[in-house]
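The values are calculated or read from the model by the stated rules, or taken from the named source; none is laboratory data. Please read all numbers here as calculations on a predicted model, not as lab measurements. To get the accessible areas, we keep the full protein, side chains included, count just its heavy atoms, and leave off ligands, DNA and RNA. Shrake-Rupley method; radii C 1.70, N 1.55, O 1.52, S 1.80 Å.
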Amino acid sequence: MKLSPRLAMVADLVREGVTVADIGTDHAYLPAYLVSSGKCPAAVGSDLRDGPLMNAAATVALWGVADEVRLLESDGLDALSADDADDFVFAGMGGTLIVELLSRTPWLCDRAKRYIFQPMSHGELVRAFLLQNGFRILDERACFDECRPYVAFSAAYEPEYRPHYRKSYIWMGELPRHLNEAASYYLTKQYIYLKQRADALERAALLPDEVRVIREILPDIEPYIRRKNKGEI
Ligand SMILES: C[S@@+](CC[C@H](N)C(=O)[O-])C[C@H]1O[C@@H](n2cnc3c(N)ncnc32)[C@H](O)[C@@H]1O
């Protein structure tokens, strides 16, 4: 069985030998792969809706891992507890939804757990939530899948780890340490978004404090962006 490059990147961040829970599993490709490849002995695949859970049941039956992959209807982590898994994955969802699901879960602050995120949008909101709540981003990767760049990162609860985070950190995460073409493409998109926002706010004479913060952030991202000829991005 072969995963898409995006899901393969997520699977790489899951620890070997742990029970994994995939929140918003849809077809359950990730838990089915992790169990059938032998990386994880057991998994939970949860989803909000019946339709995806039927897809998930078909996948785990097809791959012969129905006994090891428990499927569960749950809104976010609501029907799960800390005992259900060691690593919890949130892939293919928007950052706003991920933050909403994390915010209402009281048992996340457990040092033994690992959380893996692959936000489809607003990764900066997920990174900001993690830093504000005592989590540390441990690893972060980027890849292309059908010509689109995706990022994924893992985090653990480590409240004593309090370095001085620059304001740009939530926009870049740990990608500068693992720079590849996809990371550079992703950072370029972040840069363009922020620059366009600052320029538009400035033209409209709105939110001068936000403009000042963005102007502070842009030079931190600039060294990692993709440049075309003559320094144009
Ligand atoms: C785009 S799919 C992503 C599937 C898979 N995780 C992946 O990355 O390929 C998003 C899935 O999240 C599920 N979902 C949306 N909101 C959810 C919630 N509040 N709790 C659990 N699952 C949710 C949807 O039903 C859908 O199956």
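Structure notes:
- Taking every protein chain into account, the 1.4 Å probe leaves PHE144 with about 70 Å² of accessible area, to the nearest ten.
- Stokes-Einstein translational diffusion, segment 121-164 - Kirkwood Rh over all Cα pairs, 0.692 mPa s, 37 °C, in µm²/s: 285 µm²/s
- Segment 158-187 and segment 1-64: distance between their alpha carbon centers, rounded to Å: 27 Å
- Rounded accessible area of MET54 (nearest 10 Å², 1.4 Å probe): 140 Å²
- Longest to shortest principal axis, alpha-carbon extents of segment 99-233, angstrom: 49, 36, 26
- Rg over Rh for segment 165-233 works out to 1.00, using Cα positions for both radii and the Kirkwood form for Rh.
- Just so you know, the Rg over Rh for segment 17-63 is 0.95, from Cα atoms, with Rh as the Kirkwood radius.
- With contacts taken as Cα pairs under 8 Å at a separation of at least 6 residues, the chain carries a relative contact order of 15 percent.
- A probe of 1.4 angstrom, applied to the heavy atoms of all protein chains, finds TYR165 with accessible area near 50 square angstrom.
- The residues of the chain expose, per residue, 50 Å² of accessible area to a 1.4 Å probe.
- For segment 49-99, the carbon plus sulfur part of the accessible surface works out to 51%, probe radius 1.4 Å.
- Based on the reciprocal of the average 1/r between different C-alpha atoms, the Kirkwood radius for segment 5-163 equals 15.6 Å.
- Solvent-accessible area, 1.4 Å probe, carbon plus sulfur percent, for segment 165-233: 52 percent
- Amide H contacts of ASP22: VAL44, GLY45, SER46, VAL89, each under 5 Å away and 5 or more positions distant or on a separate chain (H built 1.01 Å from N in the peptide plane; Pro and chain starts excluded).
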